[in-house]
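Engineer: The following block contains the structure, expressed as structure tokens.
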Ligand SMILES: [Zn+2]
């Protein structure tokens, strides 16, 4: 009875938020098992509409297409996007209003900004329809783990998932109630707070837990250290940060269920969700085109590179070939054993935008550390690399009980090889400092 009431309330709240949401959701869900050829065809259709719109209505693209001598029909498929230059976040920040379409129909939009962990904050607009597609693809993605709309969820996160420092507004509380979400704050990860979070989870008995992997891992450690009894949900959704192998293991052990990783960006519209085969994250094709490109900007079908996004449904601020600042690994073949025809994002390595400087005047990109910690990361739960001065590099590690201290020398050797002038200090610490949004910043450069 209660479950039925919950579902009805959830249905009404979603329709109030975006009239026609369930129609959008059904369309998105119906595409879950479509063949690759069908998905590609549909994607080409919406790409053509978007390009036609952008070249005609968006000043930035109108000017660019005339400068490059491009007509909308020149970009008929994702491969043709190579005619356009890659767009950086800095360029969007610099050109600001010229990305806003001039047509009045685009008046309904939501404004957001990229977080402080991602370099220069960038303001973006999302149309109401784009946000409906975003939520619908998210529900479909969670559905790979068995989620159904209205299922109870406990969220442990910070600002980017709508958890603030103070008391939430009544609108937010009403929204959480309708979506059956209980929020716990990653701003407070003190021991009394963690114990109260465990009690909340045991009281709510959620179908799913969702949150930042860094925060979920601290909670998982508390459960294990205290040998606490904790409710086991059907799955844990991890999002917004890099999920390191050690984090996945701790969280799965503490909660007695599998972790399903998710990847999504508001500004680029890309998203991908892990299925129960756990071979990677299935890339959504309806809201954005996700491409992985090499150093020269050439799209890869298999391998590691920068994640580039082209928005398909956000008519409030189209971004074409937008460099998300993330590094990912793609594998177009073989398809997943679950049978879904969507291509797999094998792994999100992390952000490219963080840079360290050497006394010799070279730049070392953040993904050097991402690679290194994937290789040497056994027993490392979390890490943070801090450039204190041009000579001083501090590496902070939060380690598990199976951590082999010999790895410290190996890390020092690999990092020192990047610059003979660096003095590398490696410290094992109990916890890392979180950002103002309660996320973990893996690389922090204090001199930039
Ligand atoms: Zn799969």
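Taken together, the values in this text are just the output of simple stated rules run on the coordinates, not laboratory data. Quantities reported herein were computed from a predicted structural model and do not represent experimental measurements. All Cβ positions, even for glycine, are placed from backbone atoms using ideal geometry, and neighbour counts span all protein chains on display.
Engineer: So for the stretch 355-445, what are the equivalent ellipsoid semi-axes in whole Å, largest first, each being the square root of 5 times an eigenvalue of the Cα gyration tensor?
Structural biologist: For the stretch 355-445, the semi-axes come out at 20, 17, 11 Å.
Engineer: Go from 0 up to the bin containing the longest alpha carbon distance in the stretch 264-361, width 10 Å each, and give me the % of pairs per bin.
Structural biologist: Over the stretch 264-361, the share of Cα pairs per 10 Å bin runs 16, 45, 28, 8, 3, 0 percent.
Engineer: Which of the three applies to the stretch 291-448, rounded, prolate or oblate, going by the alpha-carbon gyration tensor with a ≥ b ≥ c and a/c under 1.5 meaning rounded?
Structural biologist: prolate
Engineer: Let me ask you something else. Beta carbons within 10 angstrom, averaged per residue: use that to sort the peptides 149-156, 198-205, highest first.
Structural biologist: 149-156, 198-205
Engineer: Here's something else I'd like to know. Would you please put 420-430, 49-59 in order of how densely packed they are, using the mean number of other Cβ atoms within 10 angstrom per residue and starting with the highest?
Structural biologist: 49-59, 420-430
Engineer: If you don't mind, there's one more thing I want to ask. Roughly what percent of Cα-Cα pairs across the stretch 1-82 reach past 17 Å?
Structural biologist: Beyond 17 Å sits 65 percent of the P(r) for the stretch 1-82.
Engineer: Counting only DSSP beta bridges with both residues in the chain, what percent are antiparallel, rounded to the nearest 5?
Structural biologist: 65 percent
Engineer: Please work out how much length the chain gains when fully extended from residue 447 to residue 278, using 0.36 nm per residue of separation minus the C-alpha to C-alpha distance, in nm with one decimal.
Structural biologist: Extra length available between residue 447 and residue 278 comes to 56.9 nm.
Engineer: By how many nm would the segment from residue 63 to residue 416 grow when fully extended, if each residue of separation counts as 0.36 nm and the alpha-carbon distance is taken off?
Structural biologist: So the chain would gain 122.4 nm between residue 63 and residue 416.
Engineer: Can you report the principal axis dimensions of the stretch 44-110 using only the alpha carbons, biggest first, rounded to whole angstrom?
Structural biologist: Reported extents, whole Å, longest axis first: 29, 26, 20.
Engineer: Using only the Cα atoms, what convex hull volume per residue in Å³ does the chain have?
Structural biologist: Convex hull of Cα atoms, per residue: 150 Å³.
Engineer: Consider a paramagnetic label point 7 Å from the Cα of residue 29 along Cα→Cβ; state which residues of the stretch 168-188 have an amide N under 19 Å from it.
Structural biologist: Under cut-off, by backbone N: 178-181.
Engineer: Here's a follow-up. How many nm is it between the label spots at residue 229 and residue 37, if each spot is 7 Å from the Cα in line with the beta carbon?
Structural biologist: 5.6 nm
Engineer: Let me ask another. Tell me, 247, 372 in order of fewest to most beta-carbon neighbours within 10 Å?
Structural biologist: Listed from fewest to most nearby Cβ atoms, that is 372, 247.
Engineer: Using 0.36 nm times the number of residues separating residue 171 and residue 79, minus their current alpha carbon distance, what extension gain do you get?
Structural biologist: 28.8 nm
Engineer: Hey, another quick one. So for the chain, averaging the separation of alpha carbon pairs under 8 Å that are six or more residues apart and normalising by length, what relative contact order in percent results?
Structural biologist: On the way: 846 pairs, mean separation 63.4, N = 448.
Across the chain, relative contact order equals 14 percent.
Engineer: Another question, if that's okay. Considering the alpha-carbon set of the stretch 183-255 alone, what are its Rg and its Dmax in angstrom?
Structural biologist: 11.0, 29
Engineer: Can I ask one more? How high is the relative contact order of the stretch 243-366, in percent, with contacts defined as C-alpha pairs under 8 Å that are six or more residues apart?
Structural biologist: 18 percent
Engineer: Which FRET efficiency value, to the nearest 0.05, do you get for residue 9 and residue 337 by plugging their Cβ-Cβ distance into 1/(1 + (r/R0)^6) with R0 = 41 Å? Write out the running numbers ahead of the final one.
Structural biologist: Details: r = 37 Å, r/R0 = 0.90.
Efficiency at R0 = 41 Å is approximately 0.65.
Engineer: Taking R0 as 22 Å, what's the FRET efficiency between residue 56 and residue 98 from their Cβ-Cβ distance, rounded to 0.05?
Structural biologist: Result of the calculation: an efficiency of 0.95.
Engineer: Another question, if that's okay. With N residues in the stretch 44-177, what two-decimal value do you get for its Cα radius of gyration over 2.2 N^0.38 Å?
Structural biologist: 1.32
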